[in-house]
1. Quick check: is even one residue across segment A:189-197 among the basic types (Lys, Arg) and either buried (at least 21 other Cβ atoms within 10 Å of the Cβ) or within 9 Å of another protein chain (Cβ to nearest Cβ) (or both)?
2. If you take the residues in segment C:276-299 that are over 18 Å from A:Pro249 (Cα atoms) and in contact with a Pro (Cβ under 8 Å, 6 or more places away or on another chain), which one is surrounded by the most Cβ atoms within 10 Å (Cβ to Cβ)?
3. Taking helices (runs of 4 or more DSSP H) that fall entirely within segment C:326-402, which contain at least 2 residues that are closer than 21 Å to C:Ala304 by Cα?
4. Can you tell me which residue is farthest from the other protein chains (Cβ to nearest Cβ) among those in segment A:206-220 that are touching a helix residue (DSSP H, G or I) at 6+ places or on another chain (Cβ under 6 Å) and not β-branched (Val, Ile, Thr)?
5. If we keep just the residues of segment C:113-159 that are within 20 Å of the chain's Cα centre (by Cα) and of a type in the set (A, V, I, L, M), which is surrounded by the most Cβ atoms within 10 Å (Cβ to Cβ)?
6. Of everything in segment A:1-25 that's part of a loop (DSSP other than H, G, I, E, B) and charged (D, E, K, R), which residue is modelled with the lowest pLDDT?
Amino acid sequence: MEATFEQEPLLNPKKTLTDVNIDVCKPMERLPSRSWFVCFAIAASLTVFGLCLFVHQLRTGMGVWGLNNPVGWGIDITNFVFWIGIGHAGTLISAILFLFRQKWRTSINRSAEAMTIFAVMTAGLFPIIHLGRNWLFFWLLPFPNTRGSLWVNFRSPLLWDVFAVSTYFTISLVFWYLGLIPDFASIRDKAKHKVRKLVYGVLALGWQGKQSHWNHYEIAYLILAGLSTPLVLSVHSIVSFDFATSVLPGWHTTIFPPYFVAGAIFSGFAMVVTLLVIVRKVFQLEDYITMVHLENMNKIILATGLMVGYAYGSEFFTAWYSGNIYEMFTFKNRALGPYAWAYWTMITSNVIVPQLFWFRRFRRSIPVMFVISLIVNIGMWFERFTIIVTSLHRDFLPSSWDMYIPRWVDWGYTLFSFGFFFTFFLLFCRFFPTIAMSEVKSTMHVGRKTPETEEFVF
Amino acid sequence: MSNKLLGIVGFFKDPYHLLRAAKEARARQFKFCDAYTPFPIHGLDTILGQKRSVVPWVTLVMGLAGCFGGFGLEIFTSAISWPINVGGKPFNSFPAFVPIGFECTILLGGLATLAALLMFCRLPNFKSSILNESITDNTFALYVSAKEESFREDDVKNLMEKCGAIETRMVG
Amino acid sequence: MGHGQRHYRSVKEIPPVPKYALSLPMRLFYLGLVLVGLVTFLGALKIDPNRAWHSYLLNYFYWMSLGVSGVFFVALQYITTSVWSTPIRRVADSFLGFLPVAFVLMLVLFLGVSHLYEWTHPAEVLHDSILKGKSSYLNMPFFVIRNIVFYAIWFGAAILLLKNSLAQDKNGDPRFTLKNRKIAAPFIVLFALSFTMASFDFLMSLEPHWFSTIFGVYTFAGLFYSSMAMMILFVIALRRNGVLAHVVNENHLHDLGKLMFAFCVFWAYIAFSQYMLIWYGNLPEETGFMIRRTEGAWVPISLALLFGKFVIPFFLLISRPAKRNENYLIFIAVWVLAMQWLDCYWIVYPVLNDKPVFGWQEMGMFAGFLGLFVLSVTWVMQRIPLVPMKDPRLLEGVNHHQ
C-alpha cells in the first residue's frame, strides 16, 4: 500500500459546483430509459399482485397463509423485521454519521434515506396484513370509544411497535424533507418548464439560500440527527422486544435490543450497497458515489457483521452457561434440527462471508461487494426466519411440536414486498434528486487544496 | 413600486471572495447584511454576527411535553381510566411504558423542530422574488441594506468589487 | 473560528510542548493514598474479610476498566481514522501504565476468590447440578489462565500501538499510522471478546446462577462512559499545567463531552434493556438478580443510579456551552466517575449484604486504587512526549474546529 496520507478526494476532483446540479438533475430531465420502464412494470405488477393476494385473503380468511399452531408468526413477521431493519442504514447514514462528522455520507444519504422511508412503509404493511380483522387496524390507536372506553394495552410490545414504527416513519420523512428543501430550490431555479417550476417551487417552500435561514436550518438538521439517532436504536430494540419480552427459549434474552440494532444496520448497509452499485452505474453518478463511499460502507458491513457474530456467540454461550435445558435445546435445534439449513445459511452469509471485507482488494471490488451485499441480505432474511420459526415450532411441550411450511401466499407476499419497495424507489430515482446536492457541494473541498492566500474556513 | 434604493447585492463565484466581502462589511459595522449561498458555509454566521439559533429550545420544550404527554396518557388509560390486569403486571407498569413515552418525546420534539424552523425562516414564502437563479447552483451573494447608518452606495460597490464580485446590482 | 482559537498554518508554528512532571507534593500525596488503601485493606481483611474482598473486587473492576479503556480508545481512533483526537491520543496511550499494576492486583485478587465466588467451593458445586454443569468454564485454572491471556492481549496491543506511534515521532513516516490501523482492527475484536469474558468472570459469576447475554455490553458502556470522564480530567489538568495548552482547544473538550453524553444515553439504553426484559419476563432464575437490587434497602441505590448515572448527567450535558466549559466539565466528570463506582457497587455489594454498607473500608480502598492509577499513568506520561508531533494528522487535529 502507498504510504501517503493525503485524504482521498470524496468526489472526482474535476467536478465543479455547477456540475453537481447538472449531473444530479440529468436523470430527472430526460425521459426514462427502456430498462427503467421494464423494471417499473415488473415492480408495479408485483404490487398489484400483492393487492390481489390481499383481496384473496380478505375473501377466504387468514388460513391462506401457511401459519398455524404452534407457528403463528412466520414469513409475515420475518418480512416485517427484515424491512424495518433495511431502513436502519438510511438513518445511520443520515443521522449517526452526520453526528460523527463523516463527510463521505453526503453522496449517499439522500438515496439511503429514501430507502429508509420506503422500507418502513413496506414493513408497516405486514403487521396489518397479518391482523385477523385487517379492517379494524385503527383499534391499535388509543382513542376514546364507545366500548368503555376500552383502551389499548400499553404493556404490550406489539403496541410499542405501532408507536415506534409510526414515529420512525414520520421523523424520517421530516428529516428527509428537510434535506430536500434546498435541492428542490435548485431544481426550481434550473427548471425550464412552467409546471415543473411550479411543482418544485411549491416543494421548495420558497427557499432562497439566505445565510440567516441556513443558520436555523443547520441547527434544525443537527437536532433532527440527534433525535433520529436514539430513535433508530429504539425502533429495532422495540421490534426485538416483541420477542424478548416473552419467555420463549431463543426469544427471551437480554442482548436482543443491541443485537437487533446491529443486525438491522448490517442488513441495511448491504441493501444500500446493492442499490447504489446499480444507481451509480445507471445514472452515471460514478464521480459522486465513488470507491471511497463504497469502501467505507463495506467497512461498516464488516464491523456490524462482527457485532452480529458476537451476539450469536453470546447467545449460544449463555444458553449453555445458563444451565437451562430448554434454552440449550432451542439452540441445538437451530443448528441441527429440521431448520438447520436456514440456520447455516444465516451463519455463512452473516458471519463468514463478510470476513472477506478484511481485505482492501475485496472492499474495493464492485462485483465482490455486489455479491456479498446480496448474500448478506439473504442471510439477514434467514436470521429473522430462524429466530421466529425455530423458537416457535418446538417449545416446551414436545406434543405440540410441528413444522411450518410456507405456502404460495407467504412467498407471494414476500415477492410483493420487493415489488412495493422498488415501485417507490424507482419513482424516487426519476423525480427526486438522488444525491443531496447542497450537502455534496459543502464537502467538495475535502481532499482539495485550500487556496494558498485564503484563510482556512470550512 | 418606488425606485428607492433598498440595498446593494454583490455576486461572487468563489466562497472565499464572499467571506472576504462579509468580513469587510462587518468591519463597517453593517448590521442588516445577509448572504445567499448554495450551501451552508461554516463560520459565516459568526462573521455576519448572527446569533445561534433558538430552535433547540423549542425542541427541548416540546420534547418534554411529548414525554409527559406520552407517559400521562399511558398511566391515565392503564391505571386510572380502566385498570385491567394483564398478565399479572401492575396497573402502572412503568418499565413497560418507557418505550412509548420515549417515542412520544421524539415525535413531538422532531415535529416541533421542523415547525420552529419554518416559523423562524418565515417559510413557506412564495412572495419574495428570487435574487438570482444561480444562487441555488454556484453563485454566492452578499446583500447590504440601505438602512445601514454608514451606507454609501459607491463605498459598498467598491467593497464588493474589491473582494472579487463578478456583478453588483442595485435592489430597489 | 471566532472563539479566539489559534489557527496554525504548519506544525512548526506550534509552540514546543513542555515535558510533563508530577510535582513532588502531588507524588507524595498519591503515595499517601496508596498507603491509606493498603492499610485499609489489611485492616478490613482482619475485621471482615468478605467485605474487604468485595471492596477489593469492586475497585479492581472499576480501575481495570479504566486502565484498559485507554488502549481501546486509541485503537478506536486508529480504525476510524479520526483526526480530532490526535493531540489527546497520548493521554489515552498513557493509561496503559496501569495495566501491569492491574495485573498484579488481579493476582492478589485470586487469593480471595473463595470469599467472593460460590463456584470456587467444591462442596457446594457438587450438590448443585447447575454449577456442576458450568464447572468446565467456571473453574480456577481456566479462570486464571484466560484472564492472564486477556492481559497479554490488552497490554501487548497497547505497547505495540504506542511503540509505533513513538517511532513515528522520529521520522513522521505515515506507514506507522497504517501499521497501527492494522493492529487496531483485530484488537477491537479481541477486546470485545476478552472484556466480555472478564466481566462475566469477575462480576456475573458473583451470582453464578444468574445470566444475562447483554452483560458484557453493559459493562462496556460503563467502561467507555467513565473513560471519557477520566480523559476529560487528565486533558484539562494537562491543559492547565501547560503541556497541552497550545494543542487542545475547547472543541476537543466539546467532542469528549459529546462522547460522554452519547455514552450516558447508551448506558441508559443498555441498562434499561437488561432491566426491562428481566422484569417483563419475570423468570425465577433471572429475576432474582433484579429483585435483590430493586426491593428493600437497595431501592435508594437503584434510584440513585438511574438518576445519577443517566437523568442528571443527561440534562447537565445536553447544552452546548456545558460541554465547552472546563470547570463545568470537571464537575460532571467527577460526578460520572462517582456514578460508575456506584454502578459497580450496585453489582457487587448486594451479593455481600442485604443492606447497602458504606464506610472506611470502601473509601480507603478506593483512595488506594486511585493513587495507584494516577501514579502509574503519570509514570508513563513523564516518559513519553505527550503530543505526537510528527503524526501526519497532527496539524489538522490541533486546528480542530467545528
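1. yes
2. C:Trp298
3. Counting at least 2 such residues, we get C:326-352, C:360-381.
4. Out of the qualifying residues, it is A:Trp207.
5. Of everything passing the filter in segment C:113-159, C:Ala158 is surrounded by the most Cβ atoms within 10 Å (Cβ to Cβ).
6. Among those that are part of a loop (DSSP other than H, G, I, E, B) and charged (D, E, K, R), it is A:Glu2.
Each row is one residue, and each column tells you yes or no for (1) within 28 Å of C:Val83 (Cα to Cα); (2) away from chain A (no Cβ under 11 Å); (3) not small (Gly, Ala, Ser); (4) not in a helix (DSSP H, G or I).
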{"residue": "C:Phe110", "(1), (2), (3), (4)": "no, yes, yes, no"}
{"residue": "C:Ser114", "(1), (2), (3), (4)": "no, yes, no, no"}
{"residue": "C:Glu124", "(1), (2), (3), (4)": "no, yes, yes, no"}
{"residue": "C:Ala152", "(1), (2), (3), (4)": "no, yes, no, no"}
{"residue": "C:Lys170", "(1), (2), (3), (4)": "yes, yes, yes, no"}
{"residue": "C:Leu193", "(1), (2), (3), (4)": "yes, no, yes, no"}
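Listed here are the residues, each with its yes/no results for (1) touching a Cys at 6+ places or on another chain (Cβ under 8 Å); (2) modelled with pLDDT under 95; (3) within 11 Å of chain A (Cβ to nearest Cβ).
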position: C:Asn241; (1), (2), (3): no, yes, no
position: C:Cys264; (1), (2), (3): no, no, no
position: C:Tyr275; (1), (2), (3): no, no, yes
position: C:Leu283; (1), (2), (3): no, yes, yes
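The values are calculated or read from the model by the stated rules, or taken from the named source; none is laboratory data. From a predicted model like this one, the values you see are computed outputs, not experimental measurements. Cβ coordinates were reconstructed from backbone atoms using ideal geometry, including for glycine residues, and neighbour counts include every protein chain displayed.
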